[in-house]
Amino acid sequence: MGASIACLRAGGKPRTTRSADEIVDKHKAIIISGFCAIGKTHFSSTKDNLQQGLGMEIFDLDSSSYSSKPGFPENYIAEIRKRAEKPCVILISTHRGLPTQLAREGYYVALVYPGDGPEAKREWLRRLEEREEAGKDSRLYKITDENWDLWYGRTAGEEITSRWTLANDQYLSTIFDDIHTDFRRFKRRTLQQD
């Protein structure tokens, strides 16, 4: 066990006392919790450009690779935490409570989802129809159509670090520079507080 570290407030009084082994810098990764069809897969396909420009890897952690295995969602959260130990961008799902939990743990979590209203639903279903091989007959298209209001309400209700609502003509790649700028501000603020 490492030495004890007292975190001081501006007034010089200890805020908390933790072992050095318990201190984890949770300000290295940009975690983007994205609604379906915001362009996570396309964005991750441009990872070479991002890695050269920012020195950050991109990990697209599709929850379907974890949800079919025993131990979900713990296995998914553990992988997110593991990846977040170094500077990177992690693309994750909007599973209920997941973005809120990670933000409460101190991670920067940007929630990206469509605007509200029938026009947004039509646009997102159009995106899924074009993207999915089976189009309107795809499982994802059907469950998104059936669950839109429920999923939208749950997503909009998450308590996260920053919230980004996409217009119908926007994708994750359109707004990433703004998210990155916000992350840098967040990191500066939290490091000043520590």
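The values are calculated or read from the model by the stated rules, or taken from the named source; none is laboratory data. Computed from a prediction, not measured in an experiment: that's the story for all the values here. So basically every Cβ, Gly included, is an ideal-geometry build from the backbone, and we count neighbours across all protein chains shown.
Criterion first (surrounded by 20 or more Cβ atoms within 10 Å (Cβ to Cβ), out of contact with any Ser or Thr (no Cβ under 7 Å at 6 or more places or on another chain) and part of a strand (DSSP E or B)) does VAL89 satisfy it?
Numbers: surrounded by 20 or more Cβ atoms within 10 Å (Cβ to Cβ): yes; out of contact with any Ser or Thr (no Cβ under 7 Å at 6 or more places or on another chain): yes; part of a strand (DSSP E or B): yes.
Considered against the rule, which asks whether it is surrounded by 20 or more Cβ atoms within 10 Å (Cβ to Cβ), out of contact with any Ser or Thr (no Cβ under 7 Å at 6 or more places or on another chain) and part of a strand (DSSP E or B), VAL89 comes out as yes.
Checking THR100 against (1) within 22 Å of HIS42 (Cα to Cα); (2) part of a helix (DSSP H, G or I), only one condition comes out false. Which one?
The one condition THR100 does not meet is (1).
Given the options ILE38, ILE23, ILE32, ILE58, name the one that is of a type in the set (Val, Ile, Thr), touching a Pro at 6+ places or on another chain (Cβ under 9 Å) and either surrounded by 10 or more Cβ atoms within 10 Å (Cβ to Cβ) or modelled with pLDDT under 70 (or both). Steps first, please.
Numbers: ILE23 fails: touching a Pro at 6+ places or on another chain (Cβ under 9 Å); ILE32 fails: touching a Pro at 6+ places or on another chain (Cβ under 9 Å); ILE58 fails: touching a Pro at 6+ places or on another chain (Cβ under 9 Å).
None of the others qualify; the one that does is ILE38.
For the list (1) loosely packed, with under 14 Cβ neighbours inside 10 Å; (2) in a strand (DSSP E or B), I need the number of the one condition that ALA78 fails.
Checking ALA78 against (1) loosely packed, with under 14 Cβ neighbours inside 10 Å; (2) in a strand (DSSP E or B), the one that fails is (2).
Look through ALA134, ALA167, ALA120, ALA110 and report the one residue that is surrounded by fewer than 20 Cβ atoms within 10 Å (Cβ to Cβ), among the hydrophobic types (A, V, I, L, M, F, W, C) and closer than 19 Å to ILE32 by Cα. Lay out the reasoning, then the answer.
Working: ALA134 fails: closer than 19 Å to ILE32 by Cα; ALA120 fails: closer than 19 Å to ILE32 by Cα; ALA110 fails: surrounded by fewer than 20 Cβ atoms within 10 Å (Cβ to Cβ).
The match here is ALA167.
In segment 152-175, is there at least one residue being within 22 Å of SER44 (Cβ to Cβ), in a helix (DSSP H, G or I) and touching a helix residue (DSSP H, G or I) at 6+ places or on another chain (Cβ under 7 Å)?
Checked against the condition, which is being within 22 Å of SER44 (Cβ to Cβ), in a helix (DSSP H, G or I) and touching a helix residue (DSSP H, G or I) at 6+ places or on another chain (Cβ under 7 Å), segment 152-175 yields at least one hit.
Can you name every residue in segment 60-87 that is farther than 26 Å from GLU123 by Cα, touching a strand residue (DSSP E or B) at 6+ places or on another chain (Cβ under 9 Å) and free of Cβ contacts under 8 Å to residues at least 40 places away in the same chain?
Of everything in segment 60-87, those that are farther than 26 Å from GLU123 by Cα, touching a strand residue (DSSP E or B) at 6+ places or on another chain (Cβ under 9 Å) and free of Cβ contacts under 8 Å to residues at least 40 places away in the same chain turn out to be TYR76, GLU79.
From SER45, SER67, which residue is of a type in the set (Ser, Thr, Tyr), farther than 18 Å from PHE176 by Cβ and surrounded by fewer than 17 Cβ atoms within 10 Å (Cβ to Cβ)?
On the way: SER45 fails: farther than 18 Å from PHE176 by Cβ.
Answer to the check: SER67.
Anything in segment 33-54 that is more than 23 Å from ALA103 (Cα to Cα) and part of a loop (DSSP other than H, G, I, E, B)? List them, or say none.
Result: SER45, THR46.
Give me the pairs: first residue in segment 130-154 and in contact (Cβ under 8 Å) with a residue 12 or more places away in the chain, second residue of a type in the set (Asp, Glu) and surrounded by 14 or more Cβ atoms within 10 Å (Cβ to Cβ), beta-carbon distance under 8 Å, and six or more apart or on different chains, which are they?
LEU140/GLU132; TYR141/GLU129; TYR141/GLU132
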